[in-house]
Amino acid sequence: MKRRNFILGGGLLATLSLGVTATNASLADSVTSAADFRVINEFEPTADLVANPSTPDTLSAHTWTTDDITTSIEIDTITANYDFGGSTATFENVDNTDIIVELTRSLTTGTDRDTISVNSDTYSGSSATFDLSGNSTTNIVDDPDNPNLRVEINAVDLGAGIENPPTEDTYNPTLTLTNDNGETQEVTAELTLISGQSFFATTITDVPATYTENDPIQVDYEVDNTGDETDTQDIALLVDGTEKDSTSVKLDPGDSPATGSLSYSPTSSDGASIDLKVKSNDDSDSDTITKGNTFTLSLNPTTPGASDATHTWSAADVDFQGEIDTITVDYDSTGASLDGLRTDRNTGDDLDEDVVVKLTRSLSGGPSKDVIGLNNGDSPYSGSTATFDLSGFYTTDIVGEIDVIVGYNSIGVTNPGTASTYTADITLDGDQDSFTDTVEFTIE
């Protein structure tokens, strides 16, 4: 048997005992029946609580998980209470950016598990109330694969987190959920603190904004032993979940944080972005960087203010799923102009247009780089941005080189009027994917 507490409308609580063969219909009947009673509460709902570290008088990340509560009425606030009388935990080093609330909810599109943002607030003392954003649906439904509610008071930054009570003991903190009707439900957990533990809190301090193939990236980190025991741990760099580099760090309690760097050389198998994680045995920190410098942008001429200049955007390969529908070039804030540029000369020859797109596609006879026809779009263009609509008569998946030549025929780009280095964006859009690259170019 599996029991569930339901928070119901009208100030009612109901607990249901369901067999493994219960259907949605029988569940609905049970709720209707239970709602006839004022209160049926056969057991106290509980949560699992993990504290890292679980040493007394230290800053700690506390993670609560439970599947003992479901509610059709949306949750408004969650209050964490660590007041144990003479010995308390404190929230002085916690703010709303340290709070992660994740729950499984029922939406019109189906069941969804998501992180719910918490409104800005400051906290102090032994309890804190987390105000869930009204922009999210916050009902809670059963989740067969995960706890349906997870609350993490997360020591992401050094100097953040709950400060554990000062003495070894077993404590019983609570979470209280309040729904939009003002009804409440309390969940109890067990927190056991013991001395003689290390805890290596890990922070990524610097990563590059972008990466390129075969160009090593450096990930800088900081590790602090916030526990009360000396330890030596491996600090590892994971790329998309696979360990790529590691080093050993020894720290005594109270030592200054250890700093260092781990590295990885991206390959052609890496996608449009890579997920980086630096982890100790106790803690981890993550970041994501995107692939950069996929495109190059060459100008002819490069002189300031030149009119009808040819700008050629080129890439050897682009990680793009499906077919490309449109290509947008954006010179916003550079002073460059696309006034008069045309893709509708209607000569019957794609090479007579002012914009030419050459794309390497996968065809039945093998990869082929071809000129792709363009629809009229917004031609003639004006301003600093233009979107080129690729003809639907062509297959436009990409398996190799791409060139976008702006200013191929009569009208071209008017260069920025001042010698300097600028950036412009190119965006590929399709039904399945979207890709944007920011590229530097120089006017001299």
(request) Go through region 295-305 residue by residue and turn each phi into a ³J(HN,Hα) via Karplus (6.51, -1.76, 1.60, θ = phi - 60°); whole Hz please, and just put x for glycine and proline. (result) 9, 10, 10, 10, 10, 8, x, 9, 6, x, x
(message) Can you work out the Karplus-derived ³J(HN,Hα) for every residue in region 358-373? Use 6.51 cos²θ - 1.76 cosθ + 1.60 with θ = phi - 60°, whole Hz, and x for glycine or proline.
(response) 10, 9, 8, 10, 9, 10, 4, x, x, x, 8, 9, 9, 6, 9, x
(request) Treat each spin label as a single point 7 Å out from the Cα along the C-beta direction, and report the Ala209 to Thr427 distance in nm. (result) 1.8
(request) Any chance you could run the full-extension gain for Asp169 through Ser268? It's 0.36 nm times the residue separation minus the Cα-Cα distance, nm to one decimal. (result) 30.4 nm
(request) Place +1 on the Cβ of every Lys and Arg and -1 on the Cβ of every Asp and Glu in region 201-350, take the dipole about the Cα centre, and give the residue among Gly227, Ser273, Ala258 whose Cα lies farthest towards its positive end. (result) Ser273
(request) With runs of 4+ DSSP H residues as the only contributors, calculate the mean residue ellipticity of the chain at 222 nm using -39,500 (n - 2.57) per run, divided by the residue total and rounded to the nearest 500. (result) -500 deg cm²/dmol
(request) Find how much the distance from Glu444 to Ile194 grows on full extension, using 0.36 nm per residue of separation minus their present alpha carbon separation; answer in nm with one decimal. (result) 83.3 nm
(request) Would you please give the residues with an amide H less than 5 Å from that of Asp121, counting only those at least 5 places away or on a separate chain, with H modeled from the backbone geometry? (result) Asn96
(request) Going by C-beta contacts inside 10 Å, put Thr108, Thr70, Thr174, Thr303 in order with the fewest on the left. (result) Thr108, Thr303, Thr174, Thr70
(message) Suppose the chain between Arg345 and Asp121 were pulled fully straight at 0.36 nm per residue; how much longer would it get relative to their current alpha carbon spacing?
(response) 74.7 nm
(message) Using the Cα centre of the chain as the reference point, and only Cβ charges (+1 on K/R, -1 on D/E), how large is the resulting charge dipole? Debye, rounded to the nearest 20.
(response) 740
(message) Run the reach check for Lys277 against lysines, Cα to Cα strictly under 27 Å, same-chain hits fewer than 8 apart removed. What comes back?
(response) Lys244, Lys250, Lys291
(request) Going by C-beta contacts inside 10 Å, put Lys244, Lys279 in order with the fewest on the left. (result) Lys244, Lys279
(message) Rounded, prolate or oblate, given the Cα gyration tensor of region 200-291, with a/c below 1.5 counting as rounded?
(response) prolate
(message) Taking the 0 to 90 degree range and rounding to the nearest ten, how far is the long axis of helix 24-34 tilted relative to the main principal axis of the chain, both from C-alpha atoms?
(response) 40
(request) Compute the distance in nm between two label points, each set 7 Å from the Cα along the Cα-to-Cβ direction, one at Ser362 and one at Asp95. (result) 4.8
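No lab work stands behind these numbers, since they all come straight from the coordinates. Just so we're clear, the structure is a prediction, and the values are computed from it rather than from any experiment. For neighbour counting, all protein chains shown are included, and Cβ atoms are generated from backbone atoms with ideal geometry for every residue, glycine included.
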